[in-house]
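Data first, discussion second: the structure below is written as structure tokens.
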Amino acid sequence: MNELELYVHIPFCMKKCNYCDFLSGPSDEKTQFDYMEGLKREIAFYGGMYGRVRLSTIYIGGGTPSWLQESYIEELMEVICRSFSVGEDTEITIECNPGTLTKGKLDCYKRSGISRLSIGLQSADDGELKLLGRVHTYDQFLRNYELARTCGFANINIDLMDCLPGHTPEKFYRTLMKVVRLNPEHISCYTLTIEKGTPFYDRYKFDMVKLRAGMETEELPMEDTAYQIGKMTQDVLAQNGYMQYEISNYAKKGYACRHNIGYWQRKEYLGAGLGAASLIDEVRYSNIRDIGEYIEKSFRIEREMITDEKSEKSVCGTNLHADACVISRNAQMEEFMFLGLRMNEGIEKSRFYQKFGFTVDFIYKEVIEKLIYEGLLAETPGRLYLTETGMDLNNYAVSQFLF
Ligand code: SF4
């Protein structure tokens, strides 16, 4: 193993948003302290296990990492840098929420080597922010964004969310333009999904049923409105110098997020913290999801054999892993295709050959011919990628690559 990506999960938020089913939530100070101590022990353990391997990217996500007092992040970064090889060129991102950033925190992030901020704005409309249950206003976001620029951050992503209840292309256009005028290096536009167990699920479950049945909905945008919002987003961002490089991600030249590209290219990654996932040697490990158990076990981290119930194979993990899944060769190929084809430039044929010892044309000959015939897939001598129509019908197109 030459290098790894590192994901660090901070599961704390000031308040749970109405649509969110992530492993995150409010917490008291003692839990934060105990958790961060456990997290540092886990990272140091991996450092010993993998022999100070080089980290190509580090992503501190959550949750709301920027909600924590800065000393936690500073100490976390110190442990990471002591445990792994972190270079000048390592992309280091921290997720932030508007209203939580201060000059002290931003200066500390800079000192710690963090080079990229990902700010979760979601909407520039205060009414929509309220509906989403966000704890900030657009003005608070603006002040934090300007502060981040003053503190020298030159690589900022802004997360937005489309297809909110009542959304029209015009409404989302207003949010988009406010953000575009700020000239961030990167914009992510995710579509709202209604997840079970959230307040939004209770509120919009009937709309969801109607949407699936193609019936008129009351608040959630219908399929054709969602399509128009997506097209408008692509046009507006392209006109303003943002290249779409993945279904939901747009960047100025040279600012695509290397960490996420690594996921889509199936590079190996190590996940530390509550519920975090790792992909090592074609085994996907998932950490414990109960915070009390995680903290308790972090006092004595040790290697442990874990049996994958499906394949009945045993692999070496740690006592912080809840389970491990050995990815079969067929599943590796499927993932290679459906993750890779999320990116506009698609998959590199030579990487498929290097990895699997067969050409992609040999394995997927009929599927490739069919999708090219249907106008959903295109190829160059070195690559396969989805056409614009293929991107619109992404789910259908990539499902063809499942064995
Ligand atoms: S801030 Fe992010 S992680 Fe936290 S509750 Fe809201 S959406 Fe979820």
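No lab work stands behind these numbers, since they all come straight from the coordinates. What you are looking at is a predicted structure, and each value in this text was computed from that prediction instead of being measured. Note: ideal-geometry Cβ built from the backbone for every residue, glycine included; neighbour counts use all protein chains shown.
Things worth noting here:
- With K and R counted +1 and D and E -1, the other residues having a Cβ less than 13 Å from that of residue 289 yield a net charge of -3.
- Candidate lysines - alpha carbon under 24 Å from residue 40, same-chain residues fewer than 8 apart omitted: 30, 105, 110, 267, 297
- Per-selection metrics, segment 113-190 (Cα): Rg and Dmax in Å: 12.5, 41
- With 20 Å bins beginning at zero, the pair-distance distribution over Cα atoms of the chain amounts to 25, 59, 17 %.
- This ranking places 171, 310 by how few other beta-carbon atoms lie within 10 Å of each, fewest first, which gives 310, 171.
- Sum of -39500 (n - 2.57) over DSSP H runs of 4+, divided by residues of the chain (222 nm, nearest 500): -12500 deg cm²/dmol
- A Gaussian network model of the chain, with springs between Cα atoms under 10 Å, assigns the largest mean-square fluctuation among 341, 376, 393 to 393.
- Absence of a disulfide-compatible partner, taken as no other cysteine beta carbon within less than 4.7 angstrom, is noted in the chain for 13, 81, 96, 108, 151, 163, 189, 257, 316, 325.
- The chain: antiparallel DSSP beta bridges as a percent of all, rounded to 5: 45
- The DSSP beta bridges internal to segment 29-180 are antiparallel in roughly 0% of cases.
- Segment 162-231: GluC sites (Glu not before Pro) falling in loop per DSSP and having at most 11 other Cβ within 10 Å: 216, 218
- Counting every alpha-carbon pair across segment 1-133, the share separated by more than 23 Å comes to 35%.
- Note on 15, 178: ascending count of other Cβ atoms within 10 Å places them as 15, 178, the fewest first.
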